[in-house]
1. If you rank VAL138, VAL231, VAL171 by fewest surrounding Cβ atoms within 10 Å, what's the result?
2. Considering only C-alpha atoms, what is the centroid distance from the stretch 84-123 to the stretch 158-210, in Å?
3. Quick one: 3J(HN,Hα) in Hz for the stretch 178-186, Karplus 6.51/-1.76/1.60 with θ = phi - 60°, rounded, Gly and Pro as x.
4. Residue separation times 0.36 nm, minus the C-alpha to C-alpha distance between TYR147 and GLU240: what's the value?
5. Looking at the stretch 180-251, which chymotrypsin sites (Phe, Trp or Tyr not before Pro) are DSSP coil and have at most 10 other C-beta atoms within 10 Å of their C-beta?
6. Using θ = phi - 60° and the Karplus relation 6.51 cos²θ - 1.76 cosθ + 1.60, list the HN-Hα couplings for the stretch 100-111 in order, rounded to whole Hz, with x at every Gly or Pro.
7. Where the Cα atoms of the stretch 170-264 are projected onto their three principal axes, how long is each span, largest first, in whole Å?
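Computed from the coordinates by the stated procedures, all read-outs in this text should not be read as laboratory data. Given the structure is predicted, the values throughout are model-derived calculations rather than measurements. FYI the Cβ positions are ideal-geometry reconstructions off the backbone, even for glycines, and counts take in every protein chain you see.
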Amino acid sequence: MARARALSNGADDGEARGATTEVAPRLTPMLLAETAVAAIAELLRENVGTDFSHGAIAVGAILPAGHDFNLAHFSAGGLLAEGDEQRLIYLVPLGSDADATLADDLLARLTGAGMEAIASAPRRNADDIDGALHEAGVLLELLAEPYACLRAHEPTYRLLLGVLLHDPDEVAQLRESTIAPLETYDSSHDTDLVSTLETFLTHHGSTTDTAEIMGLHRHTVGYRLARVQEVSGLSPYESEGRERLSLGLKAYRILLADSRRAGRS
């Protein structure tokens with residue numbers, strides 16, 4: 001954990017500048033659900049030099065290509081827990097009474113430097129600290145995916161992500177009951193029902209906008225949406241069907257994002 005201590009304390013500036021591939025080892029192996037909060041906090045305090053006794057928030061950022069940032073500057077007060085050439089995730093301690101000032105300050109520094117950044121929900125229990133890293137990792141993948149439109153639908157994504165962390169089968173079932181038949185149809189028939197539906201819903205149910213954005217005739221969009229209803233059993237024109245399809249698309253995006261996150265780990 002020497003590397004983690006150097007980054008979190010702002011030392012070793014020469015190595016820290018741009019060295020996204022030499023980040024601290026993942027914390028996952030030592031964050032065991034059976035371990036008491038106090039024991040984990042003491043372990044982190046002794047090996048990292050940062051006090052996590054009140055809990056933590058994970059703050060993630062997307063690095064611009066060809067950056068020359070001093071990573072030690074950003075990680076002051078926290079721990080650079082995960083990262084590569086494109087992503088960084090810091091574990092930032094909560095203050096007493098769940099004070100998130102350090103995490104808020106880090107978010108401000110990251111966004112002030114022109115990075116896309118996002119934070120997990122606060123975690124106060126030992127078995128949830130790794131969940132904060134997991135949550136931030138998925139949110140970063142969604143943030144980088146234009147189709148996800150994370151900023152426009154963040155509360156819903158966070159709600160579904162909470163379900164994913166506690167019961168991933170529930171999110172998978174939502175996808176299976178809504179979008180999976182469309183995925184199978186697209187794969188078998190070389191069609192674009194999922195992307196057409198997603199564009200349609202993203203642009204407030206406008207077939208005109210969907211046709212313009214996708215470079216299609218309006219009748220083609222109408223035909224595809226009719227196929228969406230036939231294949232899924234849900235109408236993108238009716239409120240109940242549209243709501244279920246919209247949630248299914250978000251479940252679909254979350255599961256894809258989680259798969260990409262796992263591939264980075």
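1. Values: VAL138 28, VAL231 17, VAL171 24.
Least to most surrounded, the residues fall as VAL231, VAL171, VAL138.
2. First find each Cα centre; the distance between them is then 30 Å.
3. My calculation for the stretch 178-186 gives 10, 9, 4, x, 6, 4, 5, 5, 4 Hz in order.
4. Numbers: separation 93, 0.36 × 93 = 33.48 nm, distance 2.19 nm.
Full extension of this stretch gives 31.3 nm more.
5. Values: sites: TYR185, PHE200, TYR223, TYR237; in loops: TYR237.
For chymotrypsin sites (Phe, Trp or Tyr not before Pro) across the stretch 180-251 that sit outside H, G, I, E and B with at most 10 neighbouring Cβ atoms in 10 Å, the list is empty.
6. Whole-Hz 3J(HN,Hα) from phi for the stretch 100-111: 9, 4, 4, 5, 4, 5, 5, 4, 5, 5, 5, 5.
7. 39, 27, 26
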